[in-house]
Amino acid sequence: MPRRDIADLDATAQLAALASREVSAVELLKTALARHEQTHARLNAVVVADLERALAGASAIDEQRARGEHLGVLAGLPITIKDTLDVAGMPASSGLASLRRRQAVDATAVAHVRRAGAVIWAKTNTPVMAGDWQTTNRLYGTTNNPWDVTRTPGGSSGGAAAALAARVTALEIGSDIGGSLRVPASFCGVFAHKPTWGMVSQHGHVPPRPGSWIERDLNVIGPMARSARDLRLLLSVLEDGPLAPRAPPADFASLRIGLWLDAPDFPLDPQVRVVLETFAGELAVAGAVVEPISAPVEARSLLDTYLLLLSSTIAEDLPEADRRRFELLRGPAKLARAWGAGPFSWAVTTLGYTARHREWLAADAVRARLRREAAEVFARFDVILAPATPVAAFAHDTRPFGLRRLTASNGVASPYLAMTAWIAMATALGLPATAVPAGQTSGGLPVGAQIIGPFGGDARTIAVAQAIDENIRGFTPPPELG
């Protein structure tokens, strides 16, 4: 195969080329480096590299392969890692200069891929402490979307998604507490999988603070790729439990899909809706039973519960001065909430940041009820198909959160925090959700869908994603960067 094309292949195909010795690990790594050099000035997706160690590792794998030694399933594959995950020998900043020079050991997920033979050569950009749906920080700057460099690739795994779409890397490890896998996958037209909570170890992910062994509520570590089969491959390496997704691609003829496109307080751009309705029609033509459904669980309870759980978790990372400021605002926030402040208001965030333990327990009790409601829906449907984001990729906006707005194609504006709406169900209830490309807006921007499954149903959602990838729609490269 022409060497210039190998970077365009997915990880599974690249590994096949390595195994057949059509390309060496060193050659494949240099191909990835060349692609990075071609695109870096416009994308700024990869922000730090360890080329000397990576080249030595690739060379060692080539020697082992030549001797016929047993190799891991990712042997020789060059990959990048989101900069919220610790990687030995590289800065592990999570977008903060104060963390850049600390010495780190491999995060558990990183250690898994290294043992499987992956050649880890670089880190990809992320917002500060993974706390935004855009990817920018003072340390490394702003990452741009390969489809339109004036727009964000999403966040917080934005550098990861941009590098995948630009074919700088074939696999990435990202994380997700507020859509941070699914949003950038949707904005950049790639695949991602948010695992069932607890399936993949979070140790070595920052936040929380470096060195913590806590398995943080809501947060997950998961794979990103340019194909669904690659999600399956990487998740099988990352997982710590017995939930490996080994099911074959789904059979559309026996697939029951609940199509969820409407809920109170859940905004959806009309262009995104059209793409998803067309996509659902394609699934029906392929043989699936696609039935529109209302919100699978009570929508307002879901939003209230998720935002309290999310904000109270994020509060642990706030500077002490910010915590004191939010405590002063707690009284006015309670009053504003009593007077009907919306689900995405400053009042909701403030009450989450200052939540008492009994308030967290009450939200957790509601979560348990909602899990029961969701289980009843999954007794009727194999999966739920829903938007991954309310809008397609939007223009860079570095103003304070309270000043940002999501503006739909018809001019209707929504609060920035409404980015939490469609991702809330899978995150709050700990469910698996696989993000797949669903099509493009009339302006040529990618639109993603999420395939949500029951607790532990990772094999099911990835199987459906693989059937879609191989029979309906897969990764489409963005226009060549000029």
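FYI, it's all coordinate maths here, none of it is from the lab. Given the structure is predicted, the values throughout are model-derived calculations rather than measurements. Methodologically, a virtual Cβ is constructed for each residue, glycine included, from the backbone with ideal geometry; neighbour enumeration extends over all protein chains shown.
Below is a table of values for the structure above.
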| quantity | calculated |
| --- | --- |
| Per residue Cα convex hull volume in Å³ - calculated over the range 2-128 | 104 Å³ |
| Calculated FRET efficiency for the pair Ala338/Arg256, C-beta based, R₀ 25 Å, to 0.05 | 0.05 |
| Angle between the chain longest axis and helix 51-66 axis [Cα atoms, degrees, rounded to 10] | 60 degrees |
| Whole-number percent relative contact order across the chain, with pairs defined as alpha carbons under 8 Å at least 6 apart | 16 percent |
| Pairwise FRET efficiency - His396 versus Arg42, Cβ, R0 = 22 Å, nearest 0.05 | 0.95 |
| 3J(HN,Hα) from dihedral phi, the range 176-190, Karplus parametrisation 6.51/-1.76/1.60, rounded to Hz, x for glycine, proline | 7, 10, x, x, 5, 8, 6, 5, x, 4, 5, 5, 10, x, 10 |
| R0 of 45 Å, Cβ-Cβ distance Ala315-Ser59: FRET efficiency to nearest 0.05 | 0.45 |
| C-alpha long axis of helix 357-378 to longest principal axis of the chain, angle in ° | 70 degrees |
| Residues with amide H under 5 Å from that of Ile81, placed H, sequence gap 5 or more | Ala122, Lys123, Thr124 |
| Value in Å of the Kirkwood radius, where the range 301-361 supplies the Cα pairs that are averaged | 11.5 Å |
| Alpha carbon centroid spacing (whole Å) that separates the range 261-275 from the range 347-374 | 25 Å |
| Whole-Hz couplings from phi, Karplus 6.51/-1.76/1.60, listed for the range 346-355; x for Gly and Pro | 4, 5, 4, 4, 4, 5, x, 4, 10, 4 |
| Label-point gap, in nm, between Val412 and Asp5 - each point 7 angstrom along Cα→Cβ | 4.5 nm |
| For the range 3-238: relative contact order, % (alpha-carbon pairs under 8 angstrom, 6 or more apart) | 20 percent |
| Label-reachable residues, the range 141-171, where backbone N falls under 20 Å from a point 7 Å from Val73's Cα toward its Cβ | 170-171 |
| Inter-label distance for Ala16 and Arg100, nm, one decimal - labels placed 7 Å from Cα along Cα-to-Cβ | 4.2 nm |
| Antiparallel bridge percentage (DSSP; both residues within the chain; nearest 5) | 70 percent |
| Per-residue Cβ neighbour rank within 10 angstrom, fewest leading, Leu335, Leu18 | Leu335, Leu18 |
| Which of Thr350, Thr476 has the fewest Cβ neighbours within 10 Å, and the rest in rising order | Thr476, Thr350 |
| Relative contact order for the range 301-361, counting Cα pairs under 8 Å that sit 6 or more residues apart, in percent | 50 percent |
| Full-stretch length increase - Glu298, Ala286 - with 0.36 nm per residue and alpha-carbon distance subtracted | 1.2 nm |
| Shape parameters for the chain, alpha-carbon atoms, Rg then Dmax in Å | 21.2, 73 |
| Alpha carbon centroid spacing (whole Å) that separates the range 173-189 from the range 396-472 | 8 Å |
| Derived scalar couplings ³J(HN,Hα) [the range 265-272; Karplus, 6.51 cos²θ - 1.76 cosθ + 1.60; whole Hz; x for Gly, Pro] | 6, 9, x, 8, 4, x, 5, 5 |
| Where labels lie 7 Å past Cα in the beta-carbon direction, separation of Glu376 and Arg324 in nm | 4.9 nm |
| Lysines whose Cα lies under 30 Å from that of Lys82, excluding same-chain neighbours fewer than 8 positions away | Lys30, Lys123, Lys194 |
| Neighbour-count ranking [beta-carbon atoms within 10 angstrom, fewest first] of Met129, Met419 | Met129, Met419 |
| Residue-averaged 222 nm ellipticity for the chain, from DSSP H runs of 4+ at -39500 (n - 2.57), nearest 500 | -11500 deg cm²/dmol |
| Sequence-distant residues sharing a close amide H with Gly89 (under 5 Å, placed H) | Ala104 |
